[in-house]
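Peer 1: Handing you a structure now.
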Protein chains: 2
Amino acid sequence: MDPIIYCVIAGALSLIVAGFFARWILGQDEGTPAMKEIAGAIRIGANAFLSREYRILGIFIVVVAIILAFIPNLGWMASVSFILGGVTSTLTGYIGMQIAIRSNSRAGAAVQKSLNRGLQVAFRGGAIMGLSVVGIGLLGLSIVYFAFNGQVNFLTIIPAFGFGASGVALFARVGGGIYTKAADAGADLAGKVEAGIPEDDPRNAAVIADLVGDNVGDCAGAGGDLYETYVESIIAVITLSGVAVLASGSLGALVPNEQTAWFIPMLVGAVGIISSIIGVFLVRVREKASMGQLLNALRVGTTTASVLAAVLSWVVVYLFKADMGIFWAILAGLITGVLIGLGTDYYTSYAYKPTQRVAAASQTGAGTVILSGFANGLMSNLPSVILVAIATVLSYRFAGIYGVAISAIGMLSTLGIWDATDAYGPIADNAGGIVEMAGLPHEVRDKTDALDALGNTTKATNKGFAIAAAALTAIGLVFAYNTAVGIEFSELSLLDARVVAGMLLGALMPALFVAMTVSAVSRTTFAIINEVRRQFHEIKGLMEGTAKPDYARCVTICTNSALRNLIAPTILAIVVPIVVGVIFGKLALGGFLIGSTATGFILAITLANAGGSWDNAKKYVESGQFGGKGSDAHKAAVVGDTVGDPFKDTAGPSLNIMIKLMSIVALLLAPVITNFTGLF
Amino acid sequence: MDPIIYCVIAGALSLIVAGFFARWILGQDEGTPAMKEIAGAIRIGANAFLSREYRILGIFIVVVAIILAFIPNLGWMASVSFILGGVTSTLTGYIGMQIAIRSNSRAGAAVQKSLNRGLQVAFRGGAIMGLSVVGIGLLGLSIVYFAFNGQVNFLTIIPAFGFGASGVALFARVGGGIYTKAADAGADLAGKVEAGIPEDDPRNAAVIADLVGDNVGDCAGAGGDLYETYVESIIAVITLSGVAVLASGSLGALVPNEQTAWFIPMLVGAVGIISSIIGVFLVRVREKASMGQLLNALRVGTTTASVLAAVLSWVVVYLFKADMGIFWAILAGLITGVLIGLGTDYYTSYAYKPTQRVAAASQTGAGTVILSGFANGLMSNLPSVILVAIATVLSYRFAGIYGVAISAIGMLSTLGIWDATDAYGPIADNAGGIVEMAGLPHEVRDKTDALDALGNTTKATNKGFAIAAAALTAIGLVFAYNTAVGIEFSELSLLDARVVAGMLLGALMPALFVAMTVSAVSRTTFAIINEVRRQFHEIKGLMEGTAKPDYARCVTICTNSALRNLIAPTILAIVVPIVVGVIFGKLALGGFLIGSTATGFILAITLANAGGSWDNAKKYVESGQFGGKGSDAHKAAVVGDTVGDPFKDTAGPSLNIMIKLMSIVALLLAPVITNFTGLF
């Protein structure tokens, strides 16, 4: 029997469990009529954004699919694979978001009964997302395998699937990221800071847009990102193994035959899914659990899943009679992922010195808060980069460049449960917003705040993990690109100035990309602030609570601006690698891809953790430190948070996708790029 | 006759002209008694800092010199070369600063007569610095040449000179940078923002420290930086050419013999000095010149120098019967430097859209100013990186890695006059401060403001130029390191995961370095703010002007903190390359150096230009836009400037030195590192 059948089974099982959770959640109470009304408004806003986004996405997919069909060595099969990658990625985001916008009010209602009940609803909502990502991912790749396995150009068809997933992910991440942060900052600056009304106050015209943003950005966007990382880590290994075996035979010592080199990553994915499902079911707490117990419950789930995945991966490598070096590489990736999560927590949680120092800097004003948080974000690269560097060197020693690529799969094997703890966050956040807007008692809001705080902790941890996984995957893809275009080991030398120049240009890309996305958020925020100001000014009785603001107007502004601004960065990421290849040649492109990965990695961590620590420094001040809420220190801390939001939720995560997207474009176009020798 | 004699003549001529200017300046009127008193206080503060800095520096130089003497293949001759590099670098900074702290009050006095007179004093003060840098640099290298030429290990003695220059430069830049920006921000935040008194108000206890800072940071620090870049660009070519010829003979087609490959860079330096001197004398304006005419006068000088340097470089290459590819590489560097200057101006001057947009963002608060300026800084990488990448590829095509290294010399050939326009800035800035503190009429201050504005423009332009030159020089040094440790072209492959891991670690270094320097500024600023607050609180009659603040206390705080905080970054830059070599091997170190160069380059530009545009956005608001001085927009713009100051004047420029320092350490220790194979 073809071993990929097991992948189909694991993928299907994952979706069945997700379906079971979905039924359970939809059976829960939706809360008071006010809560239903608000949740309804969020749903309408979110779906409006998605339907507009899908229209652009549809055009993108059709145009690119047609182009691919005409490229030599790719053809219609690559187009089909591309469409499949794009559609499955869209589906993942869609499912995750539909569940999220239904879980939010239900989590708010459940929390009225007990904290544990609230956790269950929110966490299972997140688990649906996590299990969908891995289940659909593995199923999608299996379909491509069964459809096109045996084709001469199978190894160029597979990357097209990744390209589809990447393209959609970038749209979702950039579009959603601009939307959510502009709405958030606009609502805060015009409402909290200027008008002096509380967060999530219904008089604020941008408040619904803000809640919609949590879903389209943090939920659909993050799902697309992880989906892409997941499938591309597998694609990198498959492509690499095939090409490496054919080209140099260097893989011969590792695996008995070429097919085994493909089967291993797929099956490590399958056993990872089983481990994740078991882990998800272990997340349980007794009624009246404390925050510590809640966090512990999540840790029991993720730790068990990791241990299980490690053991089962050993079994996979053993059964395929492959070199045990492959297992050690997988293990190196898995352990690195766990350690990086811990490091991120240290730099961003206000339980530790670094973020406390950022908070203390608020006493001398916004300027010093910014400097201190930025320095902290830069410093936080220390553990992640060293750990990834060690993982790279170790897995290379264990199993060559194949080992480096497969270590990313090790890191991602338990993605099902990691992503569950991540997607849980925006649901808890939304639940809090709905409870506040619906005017429920403060003790209910306190409980949702507790859930939200838990979500912030897991979110910070997972960001570090997601970035590291993306970096390792990108490195795997670059190796795959290099071998696919026939670059010899001895050619890609840093003593060739073309490679160095390529690296410099690659390092430039993340900088431009962040500049574009951050500017887009700034512009959109500006528009939202003016709109909220206008409504306060023009709608009579709004401030007194006798009239309602025009929420839809802010939703429309966000939607339009987000969609307008995602086009340029996407084109940049797709077109520039090709241009660099044409002008400077394929060797320079090899340097380019590694340069963008290295700088993108550093920049993504910096932005994510600087943002995380500003966010938590603000919360620390709000907890009563340095004068507490309303003090000058608090105002300074709010500025930090305003700067940090687009850093951590728009630009930073988008970088993850960009570095992979550029590599997959280069890998996909390898048959063409092989002929690029450059103009100089 | 040995052609290096011409270098001695050119170097001596440069110093003679500098001496002539010095005599002229010292003959100028020092101004009113009040001005003399203030200038005296600045001199005392600056010299106090320098003497303390030199004590630490002395220990550093002695300790390292002793260590070098015991390293195989280096020995006492390398120690002597190292000490010479350190002492000459110190001397350059010392001369530049002594002149600056004597030109400041004289420029303030001269401006009372006419704007042109003020320009002459300030510009000639700057020219002394510029001519000293290139004159002493070329003389120092000539001394090493005449002393040790012919020794077997001549090519390992030469880099020791660069290491000495680098070490001193890092001390001067980091220490001076922390000092100047902490004093500046502390004075502004505690004085302008909190107490509501004007800039440079004598009641502010930190105001003398601020004026001292301009000299020790912007003047002595910047001089050390450019001195290092200048000598190391020549060292890179000399080392590279020697090793490359001996190892592979690949240089054979370019130059008739090995010695020619050393003579060319030295003599290009010599003709550059002659061109710079001629350029300096062309900077003249008529009395009552407008701002445009002032700027134009500077441009006439620099443009003439560039054209002359190009022509004379052609003559040098021609006379040595070398391949004309070398000339084209030099020309590529020269042109790139000029173009990069123009690009920087576009992103940082408020005459153009980017900075106007940053200023406009101040209307919605400090958060959006920060985001907008940061995005602008990132975007400003576009021209510089593309230009350097093209220069790299072109010069590689013209003359291989030798061409890449020598293109940096082309860029730096007219450093004498470039640096003059740079060192002019702090003198004009100081003149303004003294005029204000001495209570001179407003029309005098307006004139010094005009000179200051001109200085800001040239400073921004030169920063881009200095960063690009540092990056090209670092690339040259990395090539030299690789060949010196015997890494073959085919070994340093990006398909070797150790090289990739090294690159990631290298990319980490600039991030850590910026984090450390920015944190140091934050901490020191915090201390200064508290001290100024304390004095306002405790010294009776201070606010009313009947009592004087304790200026010396702030000077001492800055001095102590700056010196304490420069040690860790220096050790980081020297020790980490060695640690990476030991743990990951010499191949990984090759990747490491390139990784840090690429990321350091991007980060340095981002910080310099974000800082520049925040600074000018604030000035744009102060010119009456968006509410002008005192408005909420202005407060927001001030936050931007506070963040930008340590970015552009501490962290950013220090990165220039760090990337070169790490490469020169690796190059110097090549005989040892050759044996490093790594632990994995």
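The values are calculated or read from the model by the stated rules, or taken from the named source; none is laboratory data. Treat the numbers as computed from the prediction; the structure is a model and nothing was measured. Methodologically, a virtual Cβ is constructed for each residue, glycine included, from the backbone with ideal geometry; neighbour enumeration extends over all protein chains shown.
Peer 1: List every residue pair whose Cβ atoms lie under 6 Å apart, where the two residues are 6 or more positions apart in sequence or sit on different chains, the first residue falls within region A:627-638 and is modelled with pLDDT of 90 or more, and the second residue, located anywhere, is part of a helix (DSSP H, G or I) and of a type in the set (S, T, N, Q).
Peer 2: If the second residue must be part of a helix (DSSP H, G or I) and of a type in the set (S, T, N, Q), the pairs left are A:633/A:362; A:633/A:363; A:636/A:362; A:637/A:362.
Peer 1: Does residue A:16 satisfy being farther than 30 Å from residue A:570 by Cα, of a type in the set (A, V, I, L, M, F, W, C) and surrounded by fewer than 16 Cβ atoms within 10 Å (Cβ to Cβ)? Before you say what the answer is, go through the steps one by one.
Peer 2: Numbers: farther than 30 Å from residue A:570 by Cα: yes; of a type in the set (A, V, I, L, M, F, W, C): yes; surrounded by fewer than 16 Cβ atoms within 10 Å (Cβ to Cβ): yes.
Yes; evaluated as a whole, the condition is true for this residue.
Peer 1: On to the next question. Go through the residues of region B:612-634 one by one and say whether even a single one is within 13 Å of another protein chain (Cβ to nearest Cβ) and not in a helix (DSSP H, G or I).
Peer 2: No, every residue in region B:612-634 fails to be within 13 Å of another protein chain (Cβ to nearest Cβ) and not in a helix (DSSP H, G or I).
Peer 1: Would you say residue B:509 is closer than 23 Å to residue A:358 by Cα, free of Cβ contacts under 8 Å to residues at least 60 places away in the same chain and part of a helix (DSSP H, G or I)?
Peer 2: Taking the combined requirement at face value, the residue does not satisfy it.
Peer 1: Of the conditions (1) over 18 Å from the mean Cα position of the chain (by Cα); (2) assigned to a helix (DSSP H, G or I); (3) more than 25 Å from residue B:471 (Cα to Cα), residue A:515 satisfies every one except a single condition; which number is it?
Peer 2: Every listed condition holds for residue A:515 apart from (3).
Peer 1: Of the numbered conditions (1) within 14 Å of chain A (Cβ to nearest Cβ); (2) in a helix (DSSP H, G or I); (3) of a type outside the set (Phe, Trp, Tyr), residue B:486 fails exactly one; give the number of that condition.
Peer 2: For residue B:486, the failing item is (2).
Peer 1: Pairs please, first residue from region A:135-153 and under 21 Å from residue A:19 (Cβ atoms) and at pLDDT 95 or above, second anywhere and of a type in the set (Ser, Thr, Tyr) and assigned to a helix (DSSP H, G or I), Cβ atoms under 7 Å, 6+ apart in sequence or on different chains.
Peer 2: Going by the 7 Å Cβ cut-off, the qualifying pairs are A:135/A:14; A:136/A:88; A:136/A:92; A:137/A:227; A:137/A:230; A:140/A:88.
Peer 1: Take region B:386-417 and flag every residue that is in a helix (DSSP H, G or I) and of a type in the set (Ser, Thr, Tyr). Write out each step before concluding.
Peer 2: Start the filter on region B:386-417 by keeping residues that are in a helix (DSSP H, G or I), which leaves B:386-412, B:415-417.
Listed by number, the residues that qualify are B:392, B:395, B:396, B:402, B:407.
Peer 1: If you go through region A:379-405 one residue at a time, how many are among the aromatic types (Phe, Trp, Tyr) and more than 7 Å from chain B (Cβ to nearest Cβ)?
Peer 2: Residues of region A:379-405 among the aromatic types (Phe, Trp, Tyr): A:396, A:398, A:402.
Subsequent filtering for residues that are more than 7 Å from chain B (Cβ to nearest Cβ) retains A:398, A:402.
The number of residues fulfilling the criteria is 2.
For (1) farther than 25 Å from residue B:647 by Cβ; (2) surrounded by fewer than 24 Cβ atoms within 10 Å (Cβ to Cβ); (3) small (Gly, Ala, Ser), each residue gets a yes or a no:
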position	(1), (2), (3)
B:148	yes, yes, no
B:169	no, no, yes
B:186	no, no, yes
B:194	no, yes, no
B:202	yes, yes, no
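Peer 1: Output the number of residues of region A:635-671 satisfying the condition of being more than 10 Å from chain B (Cβ to nearest Cβ) and either buried (at least 18 other Cβ atoms within 10 Å of the Cβ) or of a type in the set (Ser, Thr, Tyr) (or both). Even if it seems obvious, please write down each step before you answer.
Peer 2: Kept after step one, since they are more than 10 Å from chain B (Cβ to nearest Cβ), are these residues of region A:635-671: A:637, A:648-650, A:652-671.
Restricting the remaining residues to those that are either buried (at least 18 other Cβ atoms within 10 Å of the Cβ) or of a type in the set (Ser, Thr, Tyr) (or both) gives A:637, A:648-650, A:652-670.
Here the count works out to 23.
Matching residues to (1) over 22 Å from the mean Cα position of the chain (by Cα); (2) in a helix (DSSP H, G or I); (3) surrounded by 24 or more Cβ atoms within 10 Å (Cβ to Cβ):
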residue: B:564; (1), (2), (3): no, yes, no
residue: B:569; (1), (2), (3): no, yes, yes
residue: B:579; (1), (2), (3): yes, yes, no
residue: B:584; (1), (2), (3): yes, yes, yes
residue: B:595; (1), (2), (3): no, yes, yes
residue: B:598; (1), (2), (3): no, yes, yes
residue: B:604; (1), (2), (3): no, yes, yes
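Peer 1: Enumerate the helices (runs of 4 or more DSSP H) found wholly within region B:266-371, keeping only those where 1 or more residues are modelled with pLDDT under 90 and either over 30 Å from residue A:530 (Cα atoms) or of a type in the set (Gly, Ala, Ser) (or both).
Peer 2: B:291-319, B:324-348
Peer 1: Small (Gly, Ala, Ser), within 23 Å of the chain's Cα centre (by Cα) and part of a helix (DSSP H, G or I): which single residue out of A:109, A:65, A:100, A:78 fits that description? Full working, then the answer.
Peer 2: On the way: A:109 fails: within 23 Å of the chain's Cα centre (by Cα); A:65 fails: within 23 Å of the chain's Cα centre (by Cα); A:78 fails: within 23 Å of the chain's Cα centre (by Cα).
Selected residue: A:100, the only one of A:109, A:65, A:100, A:78 that is small (Gly, Ala, Ser), within 23 Å of the chain's Cα centre (by Cα) and part of a helix (DSSP H, G or I).
Peer 1: Oh, and also: Could we say that residue A:52 is under 25 Å from the mean Cα position of the chain (by Cα) and either of a type outside the set (Val, Ile, Thr) or at pLDDT 95 or above (or both) here? Walk me through it before giving the result.
Peer 2: On the way: under 25 Å from the mean Cα position of the chain (by Cα): yes; either of a type outside the set (Val, Ile, Thr) or at pLDDT 95 or above (or both): yes.
Against the criterion (under 25 Å from the mean Cα position of the chain (by Cα) and either of a type outside the set (Val, Ile, Thr) or at pLDDT 95 or above (or both)), residue A:52 qualifies.
Peer 1: A further question on this structure: Under 9 Å between Cβ atoms, at least 6 apart or on separate chains: pull out the pairs that start in region B:301-324 with a residue that is without any contact (Cβ under 8 Å) to a residue 24 or more places away in the chain and under 17 Å from residue B:406 (Cβ atoms) and end on any residue that is hydroxyl-bearing (Ser, Thr, Tyr) and surrounded by 19 or more Cβ atoms within 10 Å (Cβ to Cβ).
Peer 2: Cβ pairs passing all conditions: B:311/B:275.
Peer 1: Give just the number: which of (1) modelled with pLDDT under 90; (2) within 27 Å of the chain's Cα centre (by Cα) does residue A:416 not satisfy?
Peer 2: Condition (1) is where residue A:416 drops out.
Residue-by-condition table, conditions (1) touching a Cys at 6+ places or on another chain (Cβ under 7 Å); (2) in contact (Cβ under 8 Å) with a residue 24 or more places away in the chain:
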| site | (1), (2) |
| --- | --- |
| B:457 | no, yes |
| B:463 | no, yes |
| B:490 | no, no |
| B:513 | no, yes |
| B:528 | yes, yes |
| B:531 | yes, yes |
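Residues checked against (1) at pLDDT below 95; (2) more than 10 Å from every other protein chain (Cβ to nearest Cβ):
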site	(1), (2)
A:512	no, no
A:520	yes, no
A:523	yes, no
A:527	yes, yes
A:537	yes, yes
A:542	yes, yes
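Peer 1: I would also like to ask the following. Please work out if residue A:144 is within 27 Å of residue A:436 (Cα to Cα), of a type in the set (Val, Ile, Thr) and part of a helix (DSSP H, G or I). Break it down into steps so the answer makes sense when it comes.
Peer 2: Details: within 27 Å of residue A:436 (Cα to Cα): no; of a type in the set (Val, Ile, Thr): yes; part of a helix (DSSP H, G or I): yes.
The answer is no for residue A:144.
Peer 1: Condition first: under 29 Å from residue A:518 (Cβ atoms) and either in contact with a Gly (Cβ under 9 Å, 6 or more places away or on another chain) or polar (S, T, N, Q) (or both). Can you find one or more residues in region B:661-676 that meet it?
Peer 2: If we filter region B:661-676 for residues that are under 29 Å from residue A:518 (Cβ atoms), which is where we start, we get none.
The answer is no; no qualifying residue exists.
Peer 1: Within region B:1-45, track down each residue that is touching a residue at least 24 places away in the same chain (Cβ under 8 Å), under 26 Å from residue B:106 (Cβ atoms) and not in a helix (DSSP H, G or I).
Peer 2: Answer for region B:1-45, where residues must be touching a residue at least 24 places away in the same chain (Cβ under 8 Å), under 26 Å from residue B:106 (Cβ atoms) and not in a helix (DSSP H, G or I): B:28, B:29, B:30, B:31, B:32.
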